[in-house]
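Rule-based calculations on the coordinates, nothing more; no lab input. Remember, it's a predicted structure, so these values are computed and weren't measured experimentally. Cβ placement follows ideal geometry from the backbone for every residue including glycine, while neighbour counts extend to all protein chains displayed.
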Amino acid sequence: MTDLRQLLREPPVFAGALPTFDPADTPDDPTEPAREPGPVAPGWTLHTVRAEAVEFRQGDTDLKHTRPAHRRAGEHWTKELLWP
């Protein structure tokens with residue numbers, strides 16, 4: 001049985017080469033897909049969500065958690081801190 005501490009110390013080993021980055025695959029407009037999608041299964045549906053607000057919880061060892069929230073204001077986002 002492998003010791004968990006040893007597994008955490010050793011970097012992961014991947015089989016095969018990692019894919020290379022090709023700038024030609026990056027679109028000029030970041031809102032456009034990088035390449036044409038392949039065939040899509042019949043009956044497949046894409047759902048999108050337009051968030052008006054997003055809240056995160058950042059844990060702290062002293063239990064003084066930070067709760068940043070971002071709210072949409074037109075095309076921009078505002079940041080605020082929630083309590084507690």
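If you plug each phi of segment 40-57 into the Karplus form 6.51 cos²θ - 1.76 cosθ + 1.60 with θ = phi - 60°, what whole-Hz ³J(HN,Hα) values come out, in order, with x for Gly and Pro?
With coefficients 6.51, -1.76 and 1.60, one gets 10, 4, x, x, 6, 10, 9, 10, 10, 10, 9, 6, 9, 8, 9, 10, 10, 10 Hz.
Could you calculate the FRET efficiency of residue 58 with residue 21 from 1/(1 + (r/R0)^6), where r is the beta carbon distance between them and R0 is 30 Å, rounded to 0.05? The partial results should precede the final answer.
Details: r = 30 Å, r/R0 = 1.01.
Computed FRET efficiency for residue 58 and residue 21: 0.50.
Contour minus end-to-end for residue 46 and residue 67, with contour as 0.36 nm per residue of separation and end-to-end as the Cα-Cα distance? Display every interim value, and only then the final one.
Working: separation 21, 0.36 × 21 = 7.56 nm, distance 3.07 nm.
Gain on extension, residue 46 to residue 67, equals 4.5 nm.
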